[in-house]
Amino acid sequence: MPVRTLQSTLNVLEAARQRIKNVFANGCKVYLSFSSGKDSLCMSSLTYDLIRSGEINPKQLTVIFVDEEGLYPSMVEAAERWRRNFRSVGVSFLWLCLPFK
């Protein structure tokens, strides 16, 4: 007799949204490290969408971007765009500059 397995109906995107909501559910401060890389762009987009839909509290979130002063212009432009996005919904966005040597 074949073994039956449970099939998950939750896709990767929905699972990520649920995990983000779970992080915010306890009411503690949440910090998102932003680098302008593909992973942080994805997390920023998911988090921003959940804030805009009212599913998570923007006051809990602080986004941190470390500018090493040796970044590609496109990365700085992405950070500026996401700073505007996050600040427009009430999220604290810290832009820290470190000298590049």
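The values are calculated or read from the model by the stated rules, or taken from the named source; none is laboratory data. Since the model is a prediction, treat every value here as computed from it, not as a measurement. Because the Cβ atoms are built from the backbone with ideal geometry, glycine has one as well, and the counts that use them run over all protein chains shown. Heavy atoms of the whole protein, side chains included, go into the accessibility calculation; ligands, DNA and RNA do not. Shrake-Rupley method; radii C 1.70, N 1.55, O 1.52, S 1.80 Å.
Observations
- Qualifying residue in the range 67-88 (condition: surrounded by 14 or more Cβ atoms within 10 Å (Cβ to Cβ), at pLDDT below 95 and in contact with a strand residue (DSSP E or B) (Cβ under 8 Å, 6 or more places away or on another chain)): yes
- Close contacts from the range 55-79, counting a first residue that is among the hydroxyl-bearing types (Ser, Thr, Tyr) and a second that is open to solvent by 70 Å² or more (accessible area, probe 1.4 Å), with Cβ to Cβ under 6 Å and a gap of 6+ residues or different chains, come to Thr62/Tyr31.
- Residue satisfying all of: in the range 12-46; in a strand (DSSP E or B) and open to solvent by 70 Å² or more (accessible area, probe 1.4 Å); nearest to Val89 (Cα to Cα) among these: Tyr31
- Selection over the range 59-100 of residues that are assigned to a loop (DSSP other than H, G, I, E, B) and within 14 Å of Phe34 (Cα to Cα) gives a count of 3.
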